[in-house]
Amino acid sequence: MQNIAVVTGASSGIGAATARRLADEGYHVVVAARRADRLDALVKEIGPNATAVECDVTSDDAVAALAEAVAALGAPVTLLVNNAGGARGVDPVATGSVDDWQWMYDVNVLGTLRVTKALLPALEASGRGTIVTVGSTAAFTPYEGGGGYVAAKHAETALVGTLRLELCGKPVRVIEIDPGMVRTDEFALNRFGGDQDRADSVYAGVREPLVADDIADCVAWAATRPQHVNVDRLVVRPVAQAAQHKVHREP
């Protein structure tokens, strides 16, 4: 029987790229996200090694239904990729939108908590479970205008580190991958409320920012190491980005 990998936030960007890559690695991939039409298109692309489950990670009921759908497949669940997340706005703290901050916390932190709780029994029962959480370099480096996202990603990395301690001695690895600048179709666009020009300005002059496939490659590499090897944290940035605040831009 094929091992099952569950990928949240799989309707686009890093999630979709990761689903494709894990299917190539031999997993049966359960792709989970809110946009069912995009999931259906992804499953058609991947083929029989994928199953779509519509899921909003901010909903307890939806996450419970995801766990039920995964269990119904009747195969070992050995990998969970907590990828669902996102950023909204670039307001300073003094004028920060409570609604935006609450959404970022619910998706990035509580979404990771909900899905991890729901699937952890199956991952442990497999005897060779792995949890990969896609965080951000915002998890350890604050920057102006990023308060809400930074706070959420700091909380997410605290969750991951705590989980690793609590699972010590159990057959589940806990891995965190923290990307820097990754150019995808939607991340910056969503952050700027659909303003394409502002989204494009994030990457202006940056030679070869990372793309979704680069992060999918990191997820696959970490997940396919021998089971006794745990990659606690993998920080990955484009060469042009030396730090959160240090980016080389060409004219």
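The values are calculated or read from the model by the stated rules, or taken from the named source; none is laboratory data. Keep in mind it's a predicted model, so treat the numbers as computed, not measured. Virtual Cβ from ideal backbone geometry, glycine too; neighbours counted across all protein chains shown. Please note that ligands, DNA and RNA were not included when accessible areas were found on the heavy atoms of the full protein model with its side chains. Shrake-Rupley method; radii C 1.70, N 1.55, O 1.52, S 1.80 Å.
Can you tell me which residue within segment 229-251, out of those that are under 16 Å from Thr130 (Cα atoms) and part of a loop (DSSP other than H, G, I, E, B), is most open to solvent (accessible area, probe 1.4 Å)?
Residues of segment 229-251 under 16 Å from Thr130 (Cα atoms): 229-234.
Add one more test, that the residue is part of a loop (DSSP other than H, G, I, E, B), and what stays is 229-232.
Details: Val229: 49, Asn230: 55, Val231: 20, Asp232: 78 Å².
Per the criteria, the residue is Asp232.
Residues that are free of Cβ contacts under 8 Å to residues at least 12 places away in the same chain and not charged (D, E, K, R) were ranked within segment 194-228; the one that is surrounded by the most Cβ atoms within 10 Å (Cβ to Cβ) is Ala199.
Taking segment 39-93 on its own, how many of its residues are assigned to a helix (DSSP H, G or I) and within 21 Å of Pro121 (Cα to Cα)?
First pass over segment 39-93, keeping only residues assigned to a helix (DSSP H, G or I): 39-46, 60-72, 93.
Filter again for within 21 Å of Pro121 (Cα to Cα), leaving 60-72.
Here the count works out to 13.
Take Val219 and tell me if it is in contact with a strand residue (DSSP E or B) (Cβ under 7 Å, 6 or more places away or on another chain), closer than 24 Å to Leu110 by Cβ, among the aliphatic types (A, V, I, L, M) and assigned to a strand (DSSP E or B). It is false that Val219 is in contact with a strand residue (DSSP E or B) (Cβ under 7 Å, 6 or more places away or on another chain), closer than 24 Å to Leu110 by Cβ, among the aliphatic types (A, V, I, L, M) and assigned to a strand (DSSP E or B).
Working only within segment 118-160, note down all residues that are under 14 Å from Val174 (Cβ atoms), in contact (Cβ under 8 Å) with a residue 12 or more places away in the chain and either open to solvent by 20 Å² or more (accessible area, probe 1.4 Å) or not in a helix (DSSP H, G or I) (or both).
Applying the first criterion (under 14 Å from Val174 (Cβ atoms)) to segment 118-160 yields 119-120, 123-124, 128-135, 156-160.
Checking the rest, the ones that are also in contact (Cβ under 8 Å) with a residue 12 or more places away in the chain come to 119-120, 123-124, 128-135, 156-157, 159-160.
Result: Leu120, Glu124, Arg128, Gly129, Thr130, Ile131, Val132, Thr133, Val134, Gly135, Thr157, Leu159.
Total residues in segment 161-183 satisfying the condition of being open to solvent by 40 Å² or more (accessible area, probe 1.4 Å) and farther than 26 Å from Asp213 by Cβ: the figure is 8. Thr18 meets each of the listed conditions (1) under 22 Å from Gly135 (Cα atoms); (2) of a type outside the set (A, V, I, L, M); (3) assigned to a helix (DSSP H, G or I); (4) without any contact (Cβ under 8 Å) to a residue 40 or more places away in the chain apart from (4).
Ser11 meets the conditions (1) closer than 23 Å to Gln227 by Cα; (2) open to solvent by 10 Å² or more (accessible area, probe 1.4 Å); (3) not in a helix (DSSP H, G or I) in every case but one. The failed one is (1).
So, Gly89, is that one surrounded by fewer than 14 Cβ atoms within 10 Å (Cβ to Cβ) and in contact (Cβ under 8 Å) with a residue 12 or more places away in the chain or not? Criteria not met by Gly89.
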